[in-house]
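Note sheet for the following structure.
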Amino acid sequence: MTAVPQAAIELAKSFEGFCRVPKNDPVRAYPYICPAGYWTIGYGHLCDPKHPPITEAEGEVYLSNDLQTALAATLRYCPVLTNEPENRLAAIVDFTFNLGAGRLQTSTLRRRINQRDWASAKQELRRWVYGGGRVLPGLVLRRDIEANLLG
């Protein structure tokens, strides 16, 4: 079984952060609505608004499981990545973690990856910068870093 690339873990952690809302609790994170409008907790884990608060250690477990799920979906829809440099896999695992397997499955990005058309795949990645109907600067930066990992 393929392990989640370290670069994907670092990307997810750096862009999601362990969001402690409200800020007055220095230990636990509570559910909050992310910029795209979804209930989230910890490191970008989708949740119910009534989810109990979690510690950072619990957030790490959620992140690990979410990234394993993203890795499995990425390899299912982009099997060519098993024979590509790890950075390419990391970029698409992060994309899948961030936007979901359904978006990868139906995307032109998926076709470009499976064609090994890396220049076009980089362009496709940079199109996925909208959250809640508007361009989010954090997504612009995230997609640029992912595109650079494609080489």
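Coordinate-derived values only; no laboratory data. This one's a predicted model, so the numbers in the text were calculated from it and none came from an experiment. A quick note on method: Cβ atoms are made from the backbone with ideal geometry, for glycine too, and the neighbour counts reach across all protein chains shown.
Structural remarks
- Exposure proxy shown here: for I41, I92, the number of other Cβ atoms within 10 Å sets the order, fewest to most, as I41, I92.
- Rounded to whole Å, the principal axis extents of the Cα atoms in the chain read 48, 36, 22, largest first.
- Computed from Cα atoms, the angle from the helix 6-16 axis to the main principal axis of the chain rounds to 50 degrees.
- Fewest neighbouring Cβ atoms within 10 Å first, the residues L63, L125 line up as L63, L125.
- Counting only Cβ charges, +1 for Lys and Arg and -1 for Asp and Glu, the dipole size of the stretch 6-149 around its Cα centre is about 580 debye.
- The stretch 40-66 versus the stretch 107-125: alpha-carbon centroid distance in Å: 31 Å
- Take every Cα pair under 8 Å whose residues are at least 6 apart in sequence, average their separation, divide by the length of the chain, and the relative contact order is 21 percent.
- The aspartates and glutamates whose alpha-carbon is closer than 15 Å to the alpha-carbon of K13, local same-chain residues fewer than 8 away aside, are E56, E58, E60, D66, D94, E146.
- Note on the chain: helix-only mean residue ellipticity at 222 nm, from DSSP H runs of 4+ residues weighted -39500 (n - 2.57) and normalised by residue number, equals -16000 deg cm²/dmol.
- When only Cα pairs below 8 angstrom with a gap of at least 6 residues are kept, the stretch 1-51 shows a relative contact order of 27 percent.
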